[in-house]
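The values are calculated or read from the model by the stated rules, or taken from the named source; none is laboratory data. What you are looking at is a predicted structure, and each value in this text was computed from that prediction instead of being measured. Virtual Cβ from ideal backbone geometry, glycine too; neighbours counted across all protein chains shown. These area figures cover heavy atoms from the full protein model, side chains too; ligands, DNA and RNA do not enter into them. Shrake-Rupley method; radii C 1.70, N 1.55, O 1.52, S 1.80 Å.
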Amino acid sequence: APIEEAKRLAAYTAVDKHVFPEHQVIGIGSGSTVPYVVERIMQQGREANKNRIFVPTGFQSKELIISAGLRLGDLDQYPKLDVTIDGADEVDSGLNCIKGGGACQLREKVLAEAAETWVVVADYRKNSSILGTNYAPGIPIEVVPFAYAAVLKKLHALGSTKATLRLAKMKAGPVVSDNSNFVIDATFPPEQMKDPSKLLRQIKLLTGVVEVGLFCQMAKAAYFGNQDGSVTIKW
Ligand code: DER
């Protein structure tokens, strides 16, 4: 399937360019593209990986590390990471990302900041010029359950065109994050999405908001696998 090949292409290219033999502590992100990152790192061989520590961005990436037989570590022991590679829901021309499609954005942002280098891998569907063009659900915002209704109201006051509590598919009620919080998805008009840093600051300040799925000017580079087998790099 071209999409899966595109994900693999992005992941392999990013690992080849950013995961060096001397790197010992590696952050592993969430989503369906990152398994190809682990696949490529495994291909660097047992010798290269035997002393490496892998820090997860949540339950899913923890399971991925364990099932790959790699050594698990946590941020308490390894506060500085050599490199973290993660997926994204959309990346604009200024390397700003929407993240949180998988409701993991809080720990993902912590690991992105803890890393010397943070790199994004994605398939061509995520490659946009303005955020909100291709990722329809809106900005994922992690909120404390107690405040979700208040935050919904404040998001509308901020100009949000649609803000909804993310409901689970195979569970009655809302999605609950790895931090036991709720997620709100909020869309904004293009003119506000053109300045994601400003929008990030405005949303982050709303009482009850834990973290916002806007990663502005954090990525060193973003790799997109294309349908024709080529790779687009933004940096
Ligand atoms: O939740 C996230 O931010 C993940 O990185 C995720 O949205 C990326 O998803 P994908 O790699 O499965 O497209």
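Annotations
- Centre-to-centre separation between the Cα atoms of the stretch 73-107 and those of the stretch 123-155: 16 Å.
- Among SER128, SER67, SER197, residue whose mean-square fluctuation peaks in a GNM of the chain (springs only between Cα atoms under 10 Å): SER67
- Theoretical FRET efficiency, 1/(1+(r/R0)^6), r = Cβ-Cβ of LEU205 and LYS162, R0 25 Å, to 0.05: 0.75
- Compared with the alpha-carbon gap, the fully stretched path from GLN43 to LYS198 is longer by 51.7 nm at 0.36 nm per residue.
- Computed with a 1.4 Å probe over protein heavy atoms only, the accessible area of THR187 comes to about 30 Å².
- Excluding ligands, DNA and RNA, the accessible surface per residue across the stretch 1-135 is 42 Å² with a 1.4 Å probe.
- Bridgeable lysines around LYS50 (alpha carbons under 18 Å apart, same-chain partners fewer than 8 residues away excluded): LYS62.
- A simple count of charges around PHE59, restricted to other residues whose Cβ falls under 14 Å of its Cβ and scoring Lys, Arg +1 and Asp, Glu -1, yields -2.
- Of the residues LYS171, LYS126, LYS153, the one that moves most in a GNM of the chain with alpha-carbon contacts below 10 Å is LYS171.
- Net charge over other residues, Cβ less than 12 angstrom from the Cβ of LEU152 (K, R count +1; D, E count -1): +3
- MRE, 222 nm, helices only [DSSP H, n ≥ 4, -39500 (n - 2.57), over the chain, to nearest 500]: -8500 deg cm²/dmol
- Share of carbon and sulfur in the accessible heavy-atom surface of the stretch 96-235 [1.4 Å probe, %]: 57 percent
- Extension gain, GLU113 to ARG71: 0.36 nm times the residue separation minus the Cα-Cα distance gives 13.0 nm.
- Positive minus negative residues near ALA163 (Lys, Arg vs Asp, Glu; Cβ under 13 Å): +3
- Over the chain, volume per residue of the alpha carbon convex hull, in Å³: 121 Å³
- Ranking ARG40, ARG46, ARG166, ARG71 from most to least accessible surface, computed with a 1.4 Å probe over the protein chains only, gives ARG46, ARG71, ARG40, ARG166.
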